[in-house]
1. Add +1 for every Lys or Arg and -1 for every Asp or Glu among the other residues with Cβ under 13 Å from the Cβ of residue 710, and state the total.
2. Determine how large the accessible area of residue 558 is when every protein chain is in place; take a 1.4 Å probe and give Å² rounded to the nearest 10.
3. Given the C-alpha centroids of the range 450-471 and the range 482-532, what is the distance between them in whole angstrom?
4. Can you list residues from other chains, or at least 5 along the same chain, whose modelled amide H is less than 5 Å from the amide H of residue 374?
5. From the P(r) of the range 380-453, could you give the percentage of C-alpha pairs in the tail past 15 Å?
6. Once the piece of chain linking residue 387 and residue 360 is laid out straight, how much longer is it, given 0.36 nm per residue of separation minus the C-alpha distance between them?
7. I need the calculated FRET efficiency for the pair residue 479 and residue 444, taking r as the beta carbon distance and R₀ as 30 Å, to the nearest 0.05.
8. Roughly how many Å² of residue 494 are accessible to a 1.4 Å probe, to the nearest 10?
Amino acid sequence: GGDERSLSLVPAAPAAGQHMFEVTNGVHTHTICDTDEGERSYYENLKFCNILNTTMPYVVFPWYIVDETTTGISQDCPDSKDGCHELDLIGLGLESCLKWCGNVALLGDPCSDEGCVLKSFCRRTLGEENGEGICAPCPSEPLDCLAEGSTASKKSCLHCYLVHHYLYWGETTVDDEVLLSYALTSAPFYSTPGSATGPLVDCSDLVLDRVDTCPGAEDSICLIHDYVKDSWFYNLARKCEASGGLAMILYYSNVESNPDNLPGESYLAQPVNIPAVRISYDDGLLLTETKLGTGANVTTYDAGLDSWRDQYCSTTVPCMEEDMYCLFALDMDVGTWCTDCPEDPLDCLFPPKPGEGRTQNEVEACIAGCASDLEFGKSCKMCGQIKASSLEFGVDDPTDKCRFCPMEDVKHPDRIVPLFSSDKTEIECWKVQAFFETVDLHRDTKNCKLAQSQNYVCGCEGTGYAGANTQAKQNALEWAPRATAILSALGSLSVLYDVVQVMRRGRGTLFHKLMAQMSVFDFIGSVAFAFTSLPIPSEYYFAGAGGNDATCTTQGFFIQVGTVACYTNVSLAVYYFFVIQKGWSETRLKKVSLWLFICPIVVGMVFAFAGIPFYGNMLLWCNNAAGWWPDIPVAIAIALSTVIMGSVCWDVHKTHMASKRWQQGGGGGGGPSLQSKVIWQSFWYLMSFYMTWPPYLALQYLWASGREYDNYGLILYAGMVVPLQGVWNFFVYARNRQMKRARAMIATRVSSGMTLSRGIIHRKNLRHSTGQESNVQNSSPPEPSVSQNNH
């Protein structure tokens, strides 16, 4: 047509059997193709290559060698099987039409993989996914395709709504120097490519949500450094435009030196009315330091039409192919195209690079199609657990939106957040912040509170770990349990020393041996508890934490070894059952004594070794971080001890009531029974057990059920009392020793006083005797039968 504007050539989406290129002279655009053997893509099954067998009407780039015998223009297939002959085609053009279009079925005709005529699809009945179908007209709405009975029909139907995608190129010049840039802008049908020239102005503060305008940006180019790493460029472009800016140049921290040398894709569903490009971090830093105020030009331009086509998808129409999900722009309900699932499901939620975050609809689609089974915190009891499919998106009031760092004070963006990280992938603070800025989760949901409980890692203001939101509280979590653990270790050593002395004198019983075993293992557990947060890996950033995985596992193992003392309490309850309720002697007890020692040790050691793969951070120290099973043995020990001692108490009560009735009948004197004294002693020993374990056990099950991660008071209390069994054992043991000595002293004094009284009476009787026999009666009470048992 005589138009002298330059020609351009860009790749179009080729079918597997054709090589296709877009060629335009500024007035007309055609797709150049050549013939090739092989399988064709279903998306292109309604086109053929019209080989003209003549000189090409368009000149293309020199390195594209045009073979006029095999090169032509891509055209739509005719509406009928005989249409190829009606198009006045010749030679290879007719051959291509008959090859690619001859099998196209008409409405009502049988169809299979060859497809149907335009504006129709192949409808297959349920159960005939790979069989023959019937060509049916395309419905008026894509959503209607989901009503089709078979998956194959749904896929074929959705091909009626192939989406066209467009590309832009970007170009940036500053002070007459051309910089490599990447276009960031909307599609042509939302806004047009453009060019702007003006001085550079630093508008980096626009990355903050609370900053909406950039002073001095009027008639200038906004230069923005996204130092928070989580901004959507279209928001920044609109802020720049609202400030009077003519164009935007954006660069990110810690990304590749140069942007991808590719055209920018149209991600947006709302217009950006100014040119927007991204440059490398190095170039951006240089401009910020040396080129502010210098003249710059930013240009974006069309990279070609009809770049590729894809299945229609939306919030209601998912991608039908497996391992694919729908990409979205902003908050629009209609997606841009279907894309492959990311290799790591975590990428569904967290952006792989700064500025590449997903929209909320895209996050939901990616989770549904690629990460429905994704769970966070499975190996971290204290972190809580979040299942990706359980995230409830959407808030009515923007003020109810959950924010990971409410004050936007991410002081350590590159630290790793334990809750969302896995053995294979580490999720940094800036990624978590970007995710919660992108999606709408309610601030009162459990998932929001769990995430916020981890923001202390990033230096954000919040509840802190375990609810310790001040340094003083964090220090208390480190030192208060350490102090009680040290006291417990000293108490256990004291009891052990006294028991050993008793056994050396040959007065030891089975009771003393059980106390010795309990004290030894309680000492081991108390020492492990006393290290508190020191063995916890330093990447948790707890007060006093300075360990690694090996030190954490070691501490957890010896804490579990210390639970043998807890299980020995059950053996002690069994001992009291045999002595008090069954009346067994020490000789008879020897038959079962071995089991009373072995069973607690075996149970404790089995669970200690079984926990090796699961030892991890438990806020106060390292312990078994698995869900429910680690605490089952302790719960069973508490239940068994309670049942056994309840049986003993009931038996003593019945004996006491029978004895009382006998006394009231004149059958004997008063005074407390020996069994009553022993039952009180057993009660106090078991109270040391009850005062130690139940609070900590309750806390473990609350954590396993996803609650009370920030209940500072409960966590501190449970952490202080769980190491204290050695202290309680010492006080009860010392109390009984003192009471035994006091009873022996009183008995000695009473016996001595009664002997002296008998002597005085005897002398008086002799002085006043008249020769008559004195009939003085000795009325002292019989000495009670005192057990030699030292407890």
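1. Overall, the nearby charge balance is +3.
2. Surface accessible to solvent at residue 558 totals approximately 90 Å².
3. 38
4. 388, 389
5. Value for the range 380-453: 55 percent of Cα pairs lie more than 15 Å apart.
6. Full extension of this stretch gives 8.1 nm more.
7. Efficiency for this residue pair is about 0.35.
8. Estimated to the nearest 10 Å², residue 494 gives 50 Å².
The values are calculated or read from the model by the stated rules, or taken from the named source; none is laboratory data. Here the structure is a predicted model, which means the values were calculated and not measured. Here the Cβ is made from the backbone with ideal geometry for all residues, glycine too, and neighbour counts use every protein chain on show. What goes into the accessible areas is simple: the full protein's heavy atoms, side chains included, and nothing from ligands, DNA or RNA. Shrake-Rupley method; radii C 1.70, N 1.55, O 1.52, S 1.80 Å.
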